Amino acid sequence: MDKFTMQNIQLVLLKKEDYPQLKEIMIEAYATMPDAYWKEHHINTLIEKFPEGQVAIKFDGHIVGCALSIVINYAKFENNHTYREITGNYTFNTISRYGDTLYGIDVFIKNEFRGQRLGRRLYEYRKELCEKLNLKAIVFGGRIPNYHKYADTLSPKEYIEKVKLREIHDPVLNFQLSNDFHPIKVLKGYLEGDSASQEFAVLLKWDNIYYEKISKKPQLSKREVRLGLVQWQMRPYSGLKELMDQCEYFVDALSGYRSDFALFPEFFNAPLMAEHNHLSESEAIRKLALFTKDIVTEFSKLAISYNINIITGSMPEIVNGVLYNVGYLCKRDGAIERFEKIHVTPDEAKIWGMKGGDKLKTFDTDCGKIGILICYDVEFPELSRILADEGMDILFVPFLTDTQNGYSRVRHCAMARAIENECFVAIAGSVGNLPKVHNMDVQFAQSMVFTPCDFAFPLNGIKSEATPNTEMIVIADVDLDLLRDLHHYGAVKNLKDRRLNLYELKRTGLKS
């Protein structure tokens, strides 16, 4: 073992001429079941029918470990089967080129090489093969070789629970659990002659999160998404046309970089209130609301013509005499969807007479499922958690802050939402001054894209950021498949590790 180095180890496909070495290891591995090892014709059949499923580890050219697998149509067996049935009475006529599940037949490591994590290499190969072949899962019946020591006092279920709690050590089951396999049920009479396990086995499963059901429909949903953020400069405009010309400039620029989304800030259209500055603040904001319908119409035209999904930031809107802070998602296919600010700030309520909305939902797009929260709403973690539970991949936050401490609240809360909900978060705000618009004097912003904090993402959780208080665009690519990896294999799993037996979050008056 002194010469045991990474350079001496090879992972190779099993060949028929390897059988003599293989037999020696199998006899050693199954010392308690002397006749249980595979005969030469068994191995040859496996190699002929499914060569990529039979893999060996070699050390200095000699086999020291092996994994045998078959592909089956799992619906024919489901969760009640024996080893003999799954192998077709050891003929392997159960192998199906149209199967949907990789079934593990055997794994063994030469005694002197155990403890070197070679078994983990074999399992990693199986997982990669499962993904490559687009199979639903890896399944197998795992032996529980220490169960015979406890059979008089513990049922198989009780034994498994104690192994999971590390109160009992089982060399096979402990290993499977540490490799992300989860128990489905106990199989009785699984492997004939396995007295150590009392012929019980644990049916174990590893789900392939990348499995895609075969469909004849064209695949429209993107997994790598390009986000475009507009850090908007507040400046005077002569009217709606000039304002929308500036919007088109940014949409054109982002589209030129093949962005999938364009995010505008909260109340980006506030400069249009300048001509109503002689009115009270509450009257002026209601005048601004008169532009909203036309702005949405123009944004929808831009979304279609520039082939980009536009999140319009937010605008005031009057519904049945009540003033709301709302925004629109204008999709590039022409669809338009509306969102509302749930929590208005004390300033919005006191000065403008604005009311909070009661609608919260995720939006299906050609780039996955997204959520949108307006500014102050991102400071309430319940809202984004509801969206995360509905499958949100990206959270967009248009905001407007006048001071740096106000901006810091939005920024740090947005970063927290990315971590706790295992999603991407994009925030976009306005910069500059509007001396001729009451209650909109100054703005401070730094638009950013945040990520969860794990190995596949930036160390500080910041994917991209704008220069503070400067008009510009931010473009960032995000990979939605990294989120799927994180959900299942992250260093921590914020969504999966919630103690839902102790607490829950539910809608009351909130509408979807």
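The values are calculated or read from the model by the stated rules, or taken from the named source; none is laboratory data. Since this is a predicted model, take the numbers as computed values, not measurements. Here Cβ is always computed from backbone atoms with ideal geometry, including for glycine, and neighbour counts include all displayed protein chains.
Of the residues making up region 54-93, those that are crowded, with 20+ Cβ neighbours inside 10 Å, closer than 18 Å to Ala137 by Cβ, of a type outside the set (A, V, I, L, M) and in contact with a helix residue (DSSP H, G or I) (Cβ under 7 Å, 6 or more places away or on another chain) number 1. As for region 344-357, it holds no residue that is free of Cβ contacts under 8 Å to residues at least 40 places away in the same chain, under 19 Å from Met244 (Cβ atoms) and either assigned by TED's automatic domain parsing to the domain that holds Ala253 or among the hydrophobic types (A, V, I, L, M, F, W, C) (or both).
Check every one of the strands (runs of 3 or more DSSP E) wholly within region 97-209 and list those with 1 or more residues that are among the aliphatic types (A, V, I, L, M), over 23 Å from Ile57 (Cα atoms) and free of Cβ contacts under 8 Å to residues at least 40 places away in the same chain.
Values: elements: 101-109, 137-143, 182-188, 200-207.
Output list reads 182-188.
Gly357 falls short on exactly one of the conditions (1) touching a strand residue (DSSP E or B) at 6+ places or on another chain (Cβ under 8 Å); (2) buried (at least 21 other Cβ atoms within 10 Å of the Cβ); (3) outside any loop (DSSP other than H, G, I, E, B); (4) among the small types (Gly, Ala, Ser), and that condition is (3). Residues in region 223-279 that are in a helix (DSSP H, G or I) and among the polar types (S, T, N, Q) were compared, and the one that is nearest to Arg332 (Cα to Cα) is Ser255. In the set Thr345, Thr362, only one residue is surrounded by fewer than 22 Cβ atoms within 10 Å (Cβ to Cβ), hydroxyl-bearing (Ser, Thr, Tyr) and farther than 30 Å from Ser305 by Cα; that residue is Thr345. The condition of being touching a Leu at 6+ places or on another chain (Cβ under 6 Å) and either surrounded by 15 or more Cβ atoms within 10 Å (Cβ to Cβ) or assigned by TED's automatic domain parsing to the domain that holds Val64 (or both) holds for only one of Leu177, Leu165, Leu203, that being Leu203. Set side by side, the residues Glu281, Glu266 differ, and just one is surrounded by 23 or more Cβ atoms within 10 Å (Cβ to Cβ), outside the structural domain of Lys136 (by TED's automatic domain parsing), more than 30 Å from Tyr190 (Cα to Cα) and charged (D, E, K, R), which is Glu266. Could you tell me which of the residues Gly193, Gly189 is in the same structural domain as Gly104 (by TED's automatic domain parsing), more than 29 Å from Glu131 (Cα to Cα) and modelled with pLDDT under 90? After applying the criteria, what remains is Gly193.
Does region 54-71 contain at least one residue that is part of a helix (DSSP H, G or I) and either touching a residue at least 60 places away in the same chain (Cβ under 8 Å) or over 23 Å from Asn134 (Cα atoms) (or both)?
Within region 54-71, the subset part of a helix (DSSP H, G or I) is none.
Checking region 54-71: not a single residue is part of a helix (DSSP H, G or I) and either touching a residue at least 60 places away in the same chain (Cβ under 8 Å) or over 23 Å from Asn134 (Cα atoms) (or both).
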